[in-house]
Structure formats: structure tokens, C-alpha cells
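Visitor: One structure, pasted below without further comment.
The values are calculated or read from the model by the stated rules, or taken from the named source; none is laboratory data. Being a predicted model, the structure only gives us computed values, none of them experimental. Positions of Cβ are backbone-derived with ideal geometry, glycine not excepted, and every protein chain shown enters the neighbour counts.
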Amino acid sequence: MKWKTLDKFSIESGMSKESIRALKKKGKWREKVHWKKAPNGRIFINQVAVEQWIEGMLV
């Protein structure tokens, strides 16, 4: 699955929710690329884009 909830992504990746929020706030992760807010207000993380970011393929 490409998009995962913040909670699920945090558990599976080992990244804390606080560090993920910091990456969003600092603009390191771009909205609609690395993360998006669903109509119900929940935050979803794009696992594929984050893996590319980690590997230095997506800035």
C-alpha cells in the first residue's frame, strides 16, 4: 500500500510521530508528495516517496 496512516507508518518505519511532524513542519517532506491530509483530517504518508527521499532520489 502506497499511503499509510501516520500511526501505521511510524510503527513500521521506527520513526517517531514527532520526528515525522518535524520533517513536515520544516518542509523536508512536501505536502501531496510525501504526505497528505485526507478529507477526514487524518494524515497519510506516502511510503514510496519517503523511501526515495531516504535514498536521496527525491528531494
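Visitor: Restricting attention to region 29-59, which residues are exposed (fewer than 12 other Cβ atoms within 10 Å of the Cβ) and either more than 19 Å from M1 (Cα to Cα) or out of contact with any strand residue (DSSP E or B) (no Cβ under 7 Å at 6 or more places or on another chain) (or both)?
Guide: Step one: of region 29-59, the residues exposed (fewer than 12 other Cβ atoms within 10 Å of the Cβ) are 31-32, 37-42, 54-57, 59.
E31, K32, P39, N40, G41, I54, E55, G56, M57, V59, listed by residue number.
Here's the yes/no breakdown for (1) among the acidic types (D, E); (2) modelled with pLDDT under 95:
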residue	(1), (2)
W3	no, no
K8	no, no
E12	yes, no
R21	no, no
V33	no, no
A38	no, no
N46	no, no
I54	no, yes
V59	no, yes
